[in-house]
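Asks: Here it is, the structure, as structure tokens.
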Amino acid sequence: MPTASANEHVNRYAPAPDGPSGTRLPLAGLLALFTAAFTAVMTELLPAGLLPRMGDGLGVPESRVGFLVTGYAAASFLAAIPLTAALRGLPRRPILIGALLGFAVCNAVTALSSSYSLTFGARLLAGAMGGTLWAMLAGYASRMVPPERRGSAIAIVLAGITVALAAGIPAGTALAAAVGWRAAFGTVAVLGLAVAAWVRWKVPDFPGEPAAGRAPLRRIAAKPGIAPVLAVTLFLLLGHQAVYTYLAPLTERSGFGRTGLVLAVFGVATVAGIWAAGTLADRHLRASLLGALAVTATALLALGAAGRNGVVLIVAVALWGAAFGGAPTLIQTALVDVSGPADADVATALQATVYNAGIAAGSLAGGVVLDNAGAGALPWTALPLVLGALTVVLLAVRHAFPAPARRAAAAGRTPRISPGGS
């Protein structure tokens, strides 16, 4: 049942005719959600950096330790939509806290377990928690701010993914090398508890959807604009993952030979991209996404045409990283715009499913291309997919990716016109 405080918070950020553009972002709460995203990525991907150590500790080959990541992803893929649909009527904050406590328990079990079967079961449960969490984060952030600040709020939260990939996973791997892999998982378990407490302290609660007003999942999926946003997600992830998964052989082909440095360049560039998306998404979402996809396509074209040159490789990867770093924020902001904050959890669950499908299919397709045509064919495989995403954004101007004036009108606010009239 909605509480008075929850209703007051929602009303506080109801759109006003002039738009409360001066409203300060609730940084303490958004940073709690940022850390929740960071914790989810650490939970999912930490085993990938610890294959030999975990294999020795659990008495299994490295390939079976790799299945701990696969199992997590599969559980997240399968659980996102049904769990989100089943939990729609419940207050939001307890579900978020429950997912974080679930991470803490599963990571603690992993840290203490000597049984591969028990560890695998804990990873499956953690994956289900992850599917639930990812379906909530963007919608939660959007409900904490007025409509014209959604892009900035979502960018702050999703930056947790980038920081985890660029710094968290390497730090966890270093910690495991120094004091053991079990300590690394124990640290992430403690982090989950701490974030759950932070969320309880600083993140507002929101009511669930009453049964009478709850739109069926099929109706949400059929909302104007949802399908194009999901199509852009799928095309972009297919193309990105087909190349990124096999960046090592692509780097070796150039003769540069420093895959770690290339990955670091990509990671640093994604930080710049997500910062840019946070500053641009609220006012220039359509133009920013078109620019990000165009830059990604240009980078892939450069990798395909001149990727054997080390300088071209580094510059193209930097451009690709910056463009891809900003794209998820822009796409999720568009998704929340077209679904509305009330249906954002279900819409984001659909997107999470498409996202994971794109990762799996893109990696598989890239592997087939690598085996049959070599690393040089990977950018040419990805380029048409990214151009497909660009085409969808260009065409979906009415609902999914509208011009600023139409987007402002849909959100119920007056657009601010710059002195130059653009």
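The values are calculated or read from the model by the stated rules, or taken from the named source; none is laboratory data. Because the structure is predicted, anything quoted here is derived from the model rather than measured. Every residue, glycine among them, receives a Cβ derived from its backbone with ideal geometry; neighbour counts consider all protein chains shown. We work out accessible area using only protein heavy atoms, side chains counted, and drop any ligands, DNA or RNA first. Shrake-Rupley method; radii C 1.70, N 1.55, O 1.52, S 1.80 Å.
Asks: What do you get for Rg/Rh over the chain if you use C-alpha atoms and the Kirkwood form of Rh? Write down the numbers at each step before the final one.
Replies: Working: Rg = 21.2 Å, Rh = 22.0 Å.
Result for the chain is an Rg/Rh of 0.96.
Asks: Fully extended, how many nm does the chain gain between Ala272 and Ala178 (0.36 nm per residue separation, minus their Cα-Cα distance)?
Replies: Numbers: separation 94, 0.36 × 94 = 33.84 nm, distance 3.06 nm.
Computed gain between Ala272 and Ala178 is 30.8 nm.
Asks: Can you give me the accessible area per residue for the chain, using a 1.4 Å probe, in Å²?
Replies: 41
Asks: Given points 7 Å out from each Cα along the Cα-Cβ axis, report the Ala222 to Trp380 separation in nanometres with one decimal.
Replies: Label-label distance for Ala222 and Trp380, simple model: 4.3 nm.
Asks: Go through 216-228, 138-150 and give me the packing order, highest mean Cβ count within 10 Å leading. Don't skip to the end; give the middle numbers.
Replies: Values: 216-228: 15.6, 138-150: 25.4.
Averaged packing, sorted descending, gives the order 138-150, 216-228.
Asks: State the Cα centre-to-centre distance between region 270-301 and region 129-199 in whole Å.
Replies: 22
Asks: Rounded to the nearest 10 Å², what accessible area does Trp380 have for a 1.4 Å probe in the complete protein model?
Replies: 110
Asks: Right, something else. Given a 1.4 angstrom probe, I'd like the percentage of the accessible area of the chain that is carbon and sulfur, rounded to a whole number. Let's see the in-between values first.
Replies: Working: 11830 of 17330 Å².
Carbon and sulfur together cover 68 percent of it.
Asks: Given the peptides 345-354, 77-86, arrange them by the average over their residues of other C-beta atoms within 10 Å, most packed first. Can you show the working numbers first?
Replies: On the way: 345-354: 24.7, 77-86: 19.2.
In decreasing order of mean packing, 345-354, 77-86 become 345-354, 77-86.
Asks: What is the extension gain from Val368 to Arg200, computed as 0.36 nm multiplied by their sequence separation minus the C-alpha to C-alpha distance, in nm to one decimal? Each step should come with its number before you reach the end.
Replies: Values: separation 168, 0.36 × 168 = 60.48 nm, distance 4.64 nm.
In short, 55.8 nm is gained.
Asks: Under a GNM of the chain (C-alpha, springs under 10 Å), which listed residue has the highest mean-square fluctuation: Val188, Val311, Val157?
Replies: Looking only at Val188, Val311, Val157, the biggest GNM fluctuation is shown by Val311.
Asks: GNM on the chain, C-alpha springs below 10 Å: top fluctuator among Leu191, Leu124, Leu364?
Replies: Largest GNM mean-square fluctuation: Leu364.
Asks: I would also like to ask the following. Report the accessible area of Asp371, computed with a 1.4 Å probe over the heavy atoms of all protein chains in place, in Å² rounded to the nearest 10.
Replies: Looks like 130 Å² after rounding.
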